[in-house]
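Colleague: Let me give you the structure first, and then I'll get to my questions.
The numbers here are math on the coordinates, done by the rules we state, and not lab data. Keep in mind the model is a prediction, meaning the values are calculated, not measured. Counting neighbours? That spans all protein chains shown, and the Cβs are built from the backbone with ideal geometry, glycine included.
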Amino acid sequence: MPINILQLPPDASGVEKKIIEYAYAHIYRALPDPIDKFIVAFMFDLGNNVTATAIACGLHRKTIWEKKRKIQKLLKNFKVPIETFAQ
């Protein structure tokens, strides 16, 4: 079962859903490497482990683990620019 990075309660409003949508867009925008974007989708959102992600990417497990740590560090204090919501 996929576990999204950003989760909302079942009774989330349309505005809350839009905030999550924008947040995801900015997460992907902040990652210039397409492999990092794939890792966010395949491992973080879809819940696959490091081994499955390594197989899917054709990379070593250690490389995926290092990229995962780099992504987590980037996202630890991630904030969506307030200007996004003024549109």
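Colleague: Compute the FRET efficiency between A30 and R69 as 1/(1 + (r/R0)^6), taking r as their Cβ-Cβ distance and R0 = 22 Å, and round to the nearest 0.05.
Modeller: With R0 = 22 Å, the Cβ-Cβ based efficiency is 0.90.
Colleague: May I pose another question? For a paramagnetic label modelled at 7 Å from the Cα of L59 toward its Cβ, which residues of the stretch 20-38 fall within the zone defined by backbone nitrogen distances under 18 Å?
Modeller: Only 27-38 pass the distance filter.
Colleague: Would you mind checking K18/K67; K17/K76; K37/K73; K17/K68 for any pair whose Cα atoms are more than 24 angstrom apart?
Modeller: K18/K67; K17/K68
Colleague: Taking the Cα centre of the stretch 14-86 as the origin, how large is its charge dipole in debye, to the nearest 20, when only Lys and Arg (+1) and Asp and Glu (-1) carry charge on their Cβ atoms?
Modeller: On the way: 13 positive and 7 negative charges, 66 e Å.
The dipole magnitude comes to about 320 debye.
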